[in-house]
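Before any comments, here is the structure.
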Protein chains: 2
Amino acid sequence: MSATIEITRIEKSKIASVDFNNLPFGSVFSDHMLTCTYKNGKWESPVIVPYAPIALDPSAKIFHYGQSIFEGMKAYKDAKGNTLLFRPLENCKRLNKSAERLVIPQIPEDVFMQGLKELLKVDDAWIPTNEGSSLYIRPFMFASGNGFHASPADEYKLMICTAPSGAYFAGKVNVLIEEKYARAANGGVGFAKAGGNYAAQFYPTQLAIEKGYNQVIWTDDNTHEYIEEAGAMNIFVRINDTLLTSPTNDRILDGITRKSILQLAEDLDIAVEVRKISVAEVVIAAQSGTLKEMFGTGTAAVISPITGFGFQEKDYELPTLEMPFASILKKAITDIQTNKSEDLHGWRVQL
Amino acid sequence: MSATIEITRIEKSKIASVDFNNLPFGSVFSDHMLTCTYKNGKWESPVIVPYAPIALDPSAKIFHYGQSIFEGMKAYKDAKGNTLLFRPLENCKRLNKSAERLVIPQIPEDVFMQGLKELLKVDDAWIPTNEGSSLYIRPFMFASGNGFHASPADEYKLMICTAPSGAYFAGKVNVLIEEKYARAANGGVGFAKAGGNYAAQFYPTQLAIEKGYNQVIWTDDNTHEYIEEAGAMNIFVRINDTLLTSPTNDRILDGITRKSILQLAEDLDIAVEVRKISVAEVVIAAQSGTLKEMFGTGTAAVISPITGFGFQEKDYELPTLEMPFASILKKAITDIQTNKSEDLHGWRVQL
């Protein structure tokens, strides 16, 4: 199926007002956006229109029943000016997995991919060319149908907006291992990129920030004995020369950066174990000096090294290594993303 | 603090087009709505304006990070035409509890109460007078501030909309005791009326509906051995002549109908136990004939009797009683709500 995408261009671009050398994350928006409406049991043709407010009835279910999901992606320019995406179909597949769990109708992959590519062509000038910057892409879906009855809506929107962005995180990242709050239930929606999962994290994160930390390390909601995620990222722990990460389950997001890092670690002959990681072993490793690294992985930050952690009123600092796995793996993945190295796994998609 | 509420009245009321004898639940909306904006660190004065769509930036955090909470309330007309509310301050207090957990700024109680009363005066003609009908009131708060950064927003809205409504549920309510999915985590947001909690329920509920049930009985996410909630309601189980309900915790909503029913049961000398209810004891009671009733409680349905339940591929039917507790208690609470009986506990608030 090839959809006809109607394009309405902006009258006057805002791009001249944007300082591309000083871009905050996700708060400057490109000229256009894509909208696709699900109505009367089917997806209508997507449209590309100037970035502008959305009008919704106050009874739209997004305001009441949390049917909202999203994805995070990035577009890069290589040295020749080509536009590159990284494993975009994986984002579409995950969006549809989230959609299924939240009872939002799934978007056909070809409609998604065609719409995304068309939008990037229209806003080509918005894709940053400076090192480390990229065009952050935010596809999202939500219930636009109306009514106060607590049931799935009858209308939905898929939208894609983009924001030229610099790096997501900077400076020290000191994390607190959570012992009381949890982000996801067994049999819940933790594996989905559902809006509600993020709102649930804000309060415990705020408490951690008040204690002097930057983020929370989430543990399982039942025993709090196992490490699951880092803030809104997947987590990796390096003990001696082995990299550990939790297996995904219905509480943990199946991160695209996570699985790419696992593959790249294998390519680089870094020992990896995908298994449950207990808080106890991380603390013991920190005490004995075998804990070498911890880092989060996700689209926005790519890899975000953790500099220390707190647990039961004690703080543990991580060593500063000359050549940490985090740096090696971050270079490996961003080199592929930006067309500086060979793409052995066919992850790069050129527009 | 007494806020000045600016009122902009609708040019032409829609009320003539509404059939008050045939009202669906929560899908016909009154002429006006209240909006209050939180901006630059403080709540602005509320305004009452004609019910109309809301315009939001596509990056508004409600679309991405699920910062949304709501309440459900009802206004009634008594025989003399007085407007009555039922324990409205409890809703305001719970809204603020939900707000705290979702990092949404709390609304001062007097602003909430004054705004609510003013709105009900403006739309007085919309409060149904026919038996069983009421004006359903939906206060809700959401993140209207912008940006793709996964952090609390810097702007919020409190809105109150109303919808004249008939009864919520009708007919047989056959429920499935859930063994795989869960609506809330330990240390999560299950106790809050957060939008994300409802979206999380839709998929398991849909699976139950496909199997021929109407609703899901939620069990704890860890063992699935204990009964926690019924759909979007609190649950009561009657074994012999004792009424049981689960204690509230961070997974279970502190229902206002639930606690009113507990008080009324005590007033009526009905034996009540607030304690964990195991699925096993409910099944055994059903098998031995000591399970007399199950019902859900909530603002929308007040009391919704359950006619049968399914568990592990077996179905159990509940007996049809001549004078079930559900009917006795429903009459007791609605008589107070509609000013047909004495209000011993000071629950009724007359406008």
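The figures follow:
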item: Odd one out for B:Tyr168 among (1) over 23 Å from A:Ala182 (Cβ atoms); (2) of a type in the set (Ser, Thr, Tyr); (3) modelled with pLDDT of 95 or more; result: (3)
item: Failed criterion for B:Asp221 (all others in (1) crowded, with 22+ Cβ neighbours inside 10 Å; (2) of a type outside the set (Phe, Trp, Tyr); (3) within 21 Å of the chain's Cα centre (by Cα); (4) in a loop (DSSP other than H, G, I, E, B) hold); result: (3)
item: Single unsatisfied condition, B:Gly196 versus (1) in a loop (DSSP other than H, G, I, E, B); (2) at the interface with chain A (Cβ under 9 Å from one of its Cβ atoms); result: (1)
item: Odd one out for A:Glu179 among (1) more than 10 Å from every other protein chain (Cβ to nearest Cβ); (2) not in a helix (DSSP H, G or I); result: (1)
item: Test result for A:Phe29, within 23 Å of A:Ala163 (Cβ to Cβ), within 14 Å of chain B (Cβ to nearest Cβ) and part of a loop (DSSP other than H, G, I, E, B); result: yes
item: Test result for A:Gly289, out of contact with any helix residue (DSSP H, G or I) (no Cβ under 6 Å at 6 or more places or on another chain) and closer than 28 Å to B:Ala200 by Cα; result: no
item: Segments classed as strands (runs of 3 or more DSSP E), wholly inside the stretch B:82-166, with at least 2 members that are away from chain A (no Cβ under 14 Å) and crowded, with 22+ Cβ neighbours inside 10 Å; result: B:83-86
item: A:Tyr203, sole failed condition from (1) within 12 Å of another protein chain (Cβ to nearest Cβ); (2) buried (at least 21 other Cβ atoms within 10 Å of the Cβ); result: (2)
item: Single residue of the stretch A:36-60 satisfying the filter (under 24 Å from the mean Cα position of the chain (by Cα) and either facing chain B (nearest Cβ under 7 Å) or outside any strand (DSSP E or B) (or both)) that is farthest from B:Ala194 (Cα to Cα); result: A:Pro46
item: Close pairs from the stretch A:293-310: first without any contact (Cβ under 8 Å) to a residue 60 or more places away in the chain and assigned by TED's automatic domain parsing to the domain that holds A:Ala208, partner assigned to a strand (DSSP E or B) and β-branched (Val, Ile, Thr), Cβ under 7 Å, at least 6 apart; result: A:Ile303/A:Thr297
item: Among residues of the stretch B:175-188, those that are out of contact with any Asp or Glu (no Cβ under 8 Å at 6 or more places or on another chain) and crowded, with 20+ Cβ neighbours inside 10 Å, counted; result: 5
item: Test: residue in the stretch A:36-43 that is at negative phi, of a type in the set (Lys, Arg) and buried (at least 18 other Cβ atoms within 10 Å of the Cβ); result: no
item: Failed item, numbered, when A:Leu102 is tested on (1) touching a strand residue (DSSP E or B) at 6+ places or on another chain (Cβ under 9 Å); (2) at pLDDT 95 or above; (3) over 23 Å from A:Gly188 (Cβ atoms); result: (3)
item: Yes/no for B:Pro319 being under 30 Å from B:Leu89 (Cα atoms) and either free of Cβ contacts under 8 Å to residues at least 12 places away in the same chain or not in a helix (DSSP H, G or I) (or both); result: no
item: Residue list for the stretch B:250-277, restricted to those being among the polar types (S, T, N, Q) and either in a loop (DSSP other than H, G, I, E, B) or closer than 24 Å to A:Asp221 by Cα (or both); result: none
item: Considering residues of the stretch B:61-77 that are facing another protein chain (nearest Cβ under 7 Å) and part of a strand (DSSP E or B) only, the residue farthest from A:Gly196 (Cα to Cα); result: B:Phe70
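The values are calculated or read from the model by the stated rules, or taken from the named source; none is laboratory data. Here the structure is a predicted model, which means the values were calculated and not measured. As a convention, Cβ positions derive from the backbone with ideal geometry for all residues, glycine included, and neighbour counts pool all protein chains shown.
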